[in-house]
Amino acid sequence: MSKPYSTFQGAYARQSQSAGMSPRMADPESSFSFGKRKRLNVVSILLNVLAPWLVFCGVFAAMSFKTHHSSPVLAWLAVVAGLVLAGGAGILARRTKMQDQDPTWYTFAALALGVATISAAVLGDMNYWYNMQPYYDIENINTYPSVNPAREKGQQLMDAGRVYFEDGTGLDTSKAMAFRNLDRYCVAPIVFGQEPLASYDFWAVGVNCCSGTTADFRCGEFDNPKARSGLRLMREDQRPFFRLAVQQAEADLCRGFLSFLSIRVGLRGFCGPDEAAYNIKSNHPLFFYWMQDPVAEVLKYRSDGFKYALIAISTFFAFNILCVVGSVFAFSKLSHEF
């Protein structure tokens, strides 16, 4: 009886005969008898084309989209399930080999499922971190219209995701500041009119978009006269560096604070010699990307996430097909040695 998941039917039977084993142990339907054409196991090939790709799609979706945001444990359980499937295929490969049958497609399945699971977990988590998490986070917090930086305080809008400022609001680039730690983290206060504020709580931010040596700020839509809105910074890893830039604008705290951090956590950064403080206050700073249309930017996060997912899924499908085709030729070549 043929083996439904062997590379070529009867491969191990022919190997057994060449090793002097009893012909009764050989596959009676061996396709490796002299003068016969080898027959591919089409079922095995189709399974190895589809199964790893489906596992990749499932794990990638769990790690990229709503499941990761609402239930991270469930998303990582999908990764564990993929690895369990890969391990199960490996166990079947070992059992098949012990029974003097051809384990090659089981072995391929174990490797393919493992690669599919790990790559889907890594790529899916990246897609979630850079695209989908900001989208979900901003959608779940509030939108505030007609905000006046001279009247409202940061503590009142701690749950703001999108903020639309009143006419007359703009950036005070004369008080721009930067903190450098590998990248340059740039901030500029959002103000109303020309009057100084009691507390500068609203800040436009960007990375590597200022010189750091003068009051220079070129982040977001800084040169768009219609821009009067802010999209909340959601990157928790960047927030401390923007906070340091604001502290530097408040007073000359940068060097003392950096000395403390270098001792405690090994952070390395520096304050440029021309970076002077402006002696202002910022009791509850909130950080925003300065732009005209925050809604379009939020939708771009989502569209980028789905676009990245489509590219990843299509690329893995093509990659897996190439691996299967290459394995067919490799297994066919090896079979001539039996």
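Computed from the coordinates by the stated procedures, all read-outs in this text should not be read as laboratory data. All values reported here derive from a predicted model rather than from experimental measurement. Every residue, glycine as well, gets a Cβ built from its backbone with ideal geometry; the counts of neighbours run over all protein chains shown.
Give, as a single signed number, the net charge of other residues whose beta carbon lies under 9 Å from the beta carbon of Asn142, with Lys and Arg counted +1 and Asp and Glu -1. Mind dumping the intermediate values first?
Details: positive: Arg162; negative: Asp159.
Net charge around Asn142: 0.
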>> Using a 7 Å offset from the Cα along the Cα-to-Cβ direction at both Ile141 and Arg218, what is the distance between the two label points in nm, to one decimal?
In response: 2.9
>> Given R₀ = 30 Å, what would the calculated FRET efficiency be for Asn279 paired with Asp183, taking r from the Cβ atoms and rounding to 0.05?
In response: 0.70
> Given H placed 1.01 Å from N in the peptide plane, which residues other than close sequence neighbours of Arg184 have an amide H under 5 Å from its amide H?
Replying inline: Asn208
> With labels modelled as points extended 7 Å from the Cα through the Cβ direction, what inter-label distance (nm, one decimal) is found for Ala150 paired with Ile311?
Replying inline: 4.5
> For segment 68-120, what relative contact order do you get, as a whole percent, if you take Cα pairs closer than 8 Å and at least 6 residues apart?
Replying inline: 38
> Amide H to amide H, which residues 5 or more places from Tyr144 or on other chains are under 5 Å from it, using H placed in the peptide plane?
Replying inline: Gly161, Arg162, Val163, Tyr164
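Hey, which of these cross-link pairs are over 29 Å Cα-Cα: Lys66/Lys281; Lys226/Lys281; Lys66/Lys153; Lys307/Lys333? The partial results should precede the final answer.
Values: Lys66/Lys281 39 Å; Lys226/Lys281 27 Å; Lys66/Lys153 33 Å; Lys307/Lys333 39 Å.
Check vs 29 Å cut-off fails for Lys66/Lys281; Lys66/Lys153; Lys307/Lys333.
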